[in-house]
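Below is one structure; the comments refer to it alone.
The values are calculated or read from the model by the stated rules, or taken from the named source; none is laboratory data. Since the model is a prediction, treat every value here as computed from it, not as a measurement. Neighbour counts are summed over all protein chains in view; Cβ atoms, including those assigned to glycine, are modelled from backbone coordinates with ideal geometry. Quick note on the areas: whole protein, heavy atoms, side chains included, nothing else; ligands and nucleic acids left out. Shrake-Rupley method; radii C 1.70, N 1.55, O 1.52, S 1.80 Å.
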Amino acid sequence: MDQRTTVHSLPTAPREFGFWMDGAWHGGRDLFERRSPGHGVPVTRIPKCTPADLNAAVAAARRAFEDRSWAGLSGAERAGVLLRTAEILRRRRDEIAYWEVLENGKPISQARGEIDHCIACFEVGAGAARLLHGDSFNSLGDGLFGMVLREPVGVVGLITPWNFPFLILCERVPFILASGCTMVVKPSEVTSATTLILGEILAEAGLPKGAYNVVTGSGRSIGQALTEHPDVDMLSFTGSTAVGRSVVHAAADTNFKKLGLELGGKNPIVVFADADLEDAADGAAFGISFNTGQCCVSSSRLIVDARVADELETILSAKMKKIVVGDPLDEATQVGAITTDAQNQTILSYIEKGKAEGARVLTGGGAMSLGKGSYIEPTLFSGVTRKMAIATDEIFGPVLSSFRFETAEQAIQLANDTVYGLAASVWSKNIDTALAAARRIRAGRMWVNCIMAGGPEMPLGGFKQSGWGREAGTYGVEEYTQVKSVHIELGKRSHWIK
Ligand code: NAP
C-alpha cells in the first residue's frame, strides 16, 4: 500500500485511563475527557487526581528512593532497565505515536519519528547511568584525601507541556532514572495518555515499584500542588516562562527544592548573504512549521542580510505555500492541528496584531478550514520592526517574522534582542562568519547551516528567561545529582589540644 495515501482510523470509543502509582494503575476518579484536536471526537478519559493522590504518589516515590531499590543498584543494572525500556518502546512505537497524535494533533509520521528519538534517549540514558562518576582530589597533601561523590537528588517532580508530551518526557525520564532518583510526573491534562503508558512499560522493563509515578489533572490544581510539595527534592518544569516564574516562587515559599526550568523562546534564524539560500529557506520553513510552530525552539524570527532578503523571502514564501497541512492521521500530512482552542485563538490574534501593526503578510495569514479541527496556514510576515508584538512575543504557532540587517554586528544585536535565549540558527558558508555569530548569540542551542538537529547526547536548555539548567546527555544526568565532598584524613591526627 502507498504509505502516503494511508489515513489511519479514529478509535470507536475514548480510551479510559487510571493514574499510575507504585507500579500499578489506580482508577475510580472523576475523569477529564480529551477530544482529538484534529477531529473533535473524544479520544481519552484521564483521571482528575486529588491532593491525596499526589501525597500518596510522592510517598511512593520517597519510599522507593529511601529503600535503595533503585538508587542502590549499580549503574550497569540501571542501564539494563533503561535498555529494556528502549526495546519495549521499539515494539510499541506505532501505538504510542497513535495516542500522541490523537491527543496532540501532530502528524502521524512526525509522531513516529519522535518516538524513535525517545528510544535513543533511553539508550543514551543507559550509557550515562554507567558512566556517572564523581571525582577525587589527590592534591590535598599526604595527610588528606578528597573524594567528590555524585549522589541522586532524591524525589523529583516533573511537569511537562502538551506540545511534545512524550518527547519532552523522554528527554528527562531516562536521565532522572540514570542518576538514581525516583519521580512523580504531572503531564499536561490535555496530553496525558503516553506519559501514563510509559508507567506500564517501565514496570515491564523491571523498574522497581514507586520509582516512576504519574498524577494527572490540571496544572492549576495538581501541578501547583506538586511545585509546593515539601517532600519533593527537585522540580523539573518545562512550559511557559509565566508558569516557570510561579514555580520559582513556590520553591522559595516551601522547601527551596532544586529547580530545572525549560521555558519559552523567540528564536532567531540568521541568514548571511553568502548562505545557500535554498537551504536556508527550507530550514526556515521547517523551523517555523514543524509541530505547527508549537515548539519551544521554533525559529520564529528570520534575520536576513538586506542584500538577499527579497530573494530569500520569495523562495521561502513559495516553499511555505507547498507545506501539506491536513489531517494528523494522514501519512501525507506535514503540519497537523493546533493542539488547544485557546492556543488557536492566541495564534490567530497575533496574526491580526501583526497586520494591524503594519507588517506585510507574504504568505498564509489566517485559519484553514478542513471541516473539523483547528488549522492555521504557515504564515510569513515581512517588514517586521523591533517593537511589534509579533517581534517580541512567543506566539507558539506557525508565524514567522522577517527582519533585515546591514552589518554582521546588527545581525547579532537583533538576534540577542529578546528576553529569551533558548535556541538559534545561523546560515553562512563562511566559517569565520558562522562561528563568530554562534559564539556571540546568547542561546543554549545553536545550529549552523541546520535547524533542530542533534540527539540526546547533547545538552538542552536556555540562557536568560528561557530557563535554568540543562537536560539530556551526561550534563542532564548531573543536574539530577548533587555533589558531596568527602575528606579522609590519613595517618595520625595532628592534635589541636596539646
Ligand atoms: P504551561 O501553561 O506553562 O504548562 C506547562 C505545564 O505546567 C503543563 O503540565 C501545565 O498543566 C502545568 N501548569 C500550568 N499551570 C501550572 C501551575 N500554576 N503550577 C504548576 N504547573 C502548572 O505551558 P504550555 O502552554 O503547556 O506549553 C507551552 C510553553 O512551554 C511555551 O512557552 C513553550 O516555549 C514552553 N516549552 C518549553 C520547552 C523547552 O524545552 N524550553 C519545551 C516545550 C515547551 P496543564 O496543561 O494541565 O494546565
Item to check | Selection from segment 236-280 of residues that are touching a Phe, Trp or Tyr at 6+ places or on another chain (Cβ under 8 Å), more than 9 Å from the ligand (Cβ to nearest atom) and of a type in the set (A, V, I, L, M) | outcome: Leu259, Ile269, Val270, Val271, Ala275, Ala280
Checklist outcome for this item: Of the candidates Ala280, Ala356, the one satisfying the condition of being surrounded by fewer than 18 Cβ atoms within 10 Å (Cβ to Cβ), modelled with pLDDT of 95 or more and over 29 Å from Val190 (Cα atoms) is Ala356
Next on the checklist: Pairs please, first residue from segment 84-109 and closer than 13 Å to Phe122 by Cβ, second anywhere and at pLDDT 95 or above and among the small types (Gly, Ala, Ser), Cβ atoms under 7 Å, 6+ apart in sequence or on different chains.
Outcome noted: Arg84/Ala205; Arg84/Gly206; Thr85/Ala205; Ile88/Ala205
Next on the checklist: I need the full set of residues from segment 423-448 which are more than 17 Å from Asp305 (Cβ to Cβ) and open to solvent by less than 20 Å² (accessible area, probe 1.4 Å), in order please.
Outcome noted: Ala423, Ala443, Trp447
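Need at least 1 residues that are assigned by TED's automatic domain parsing to the domain that holds Ile88, of a type in the set (Asp, Glu) and surrounded by fewer than 23 Cβ atoms within 10 Å (Cβ to Cβ) per element, so show me which strands (runs of 3 or more DSSP E) inside segment 119-223 make the cut, counting only ones lying wholly within it. Spell out how you get there, then give the answer.
On the way: elements: 135-137, 144-152, 155-159, 182-186, 212-214.
The strands (runs of 3 or more DSSP E) meeting that bar are 135-137, 144-152.
The rows are residues; the columns are (1) modelled with pLDDT of 95 or more; (2) crowded, with 16+ Cβ neighbours inside 10 Å; (3) outside any strand (DSSP E or B).
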position	(1), (2), (3)
Ala13	no, no, yes
Arg29	no, yes, yes
Arg34	yes, yes, no
Gly38	no, yes, yes
Ile46	yes, yes, no
Leu54	yes, yes, yes
Checklist entry - Looking at this structure, is Ile451 within 16 Å of the ligand (Cβ to nearest atom) and open to solvent by less than 10 Å² (accessible area, probe 1.4 Å)? => result no
Next on the checklist: Would you confirm, using the coordinates I've provided, whether Ser401 is open to solvent by less than 20 Å² (accessible area, probe 1.4 Å), hydroxyl-bearing (Ser, Thr, Tyr) and in contact with a Gly (Cβ under 9 Å, 6 or more places away or on another chain)?
Outcome noted: yes
Checklist outcome for this item: Within segment 362-374, the count of residues that are over 26 Å from the mean Cα position of the chain (by Cα) and open to solvent by less than 50 Å² (accessible area, probe 1.4 Å) comes to 5
Next on the checklist: Would you confirm whether or not segment 297-315 contains a residue that is outside the structural domain of Leu167 (by TED's automatic domain parsing), acidic (Asp, Glu), touching a Phe, Trp or Tyr at 6+ places or on another chain (Cβ under 9 Å) and open to solvent by 50 Å² or more (accessible area, probe 1.4 Å)?
Outcome noted: no
Checklist entry - How many of the residues making up segment 162-194 are among the aliphatic types (A, V, I, L, M) and away from the ligand (no atom under 12 Å from the Cβ)? => result 7
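Can Gly462 be described as surrounded by fewer than 16 Cβ atoms within 10 Å (Cβ to Cβ), touching a residue at least 60 places away in the same chain (Cβ under 8 Å), within 30 Å of Phe237 (Cβ to Cβ) and not polar (S, T, N, Q)?
So Gly462 fails the test.
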Checklist outcome for this item: Output for Cβ contacts, cut-off 8 Å, separation at least six or different chains, first residue acidic (Asp, Glu) in segment 213-231, second assigned to a helix (DSSP H, G or I), reads Glu228/Ala250; Glu228/Asp253; Asp231/Val58; Asp231/Ala59; Asp231/Arg62
Checklist entry - So how many residues does segment 291-325 have that are outside any helix (DSSP H, G or I) and either within 16 Å of the ligand (Cβ to nearest atom) or modelled with pLDDT under 95 (or both)? => result 8
Next on the checklist: Being within 14 Å of the ligand (Cβ to nearest atom) and not assigned by TED's automatic domain parsing to the domain that holds Gly336 is true for just one of Glu471, Glu489, Glu478. Which residue is that?
Outcome noted: Glu471
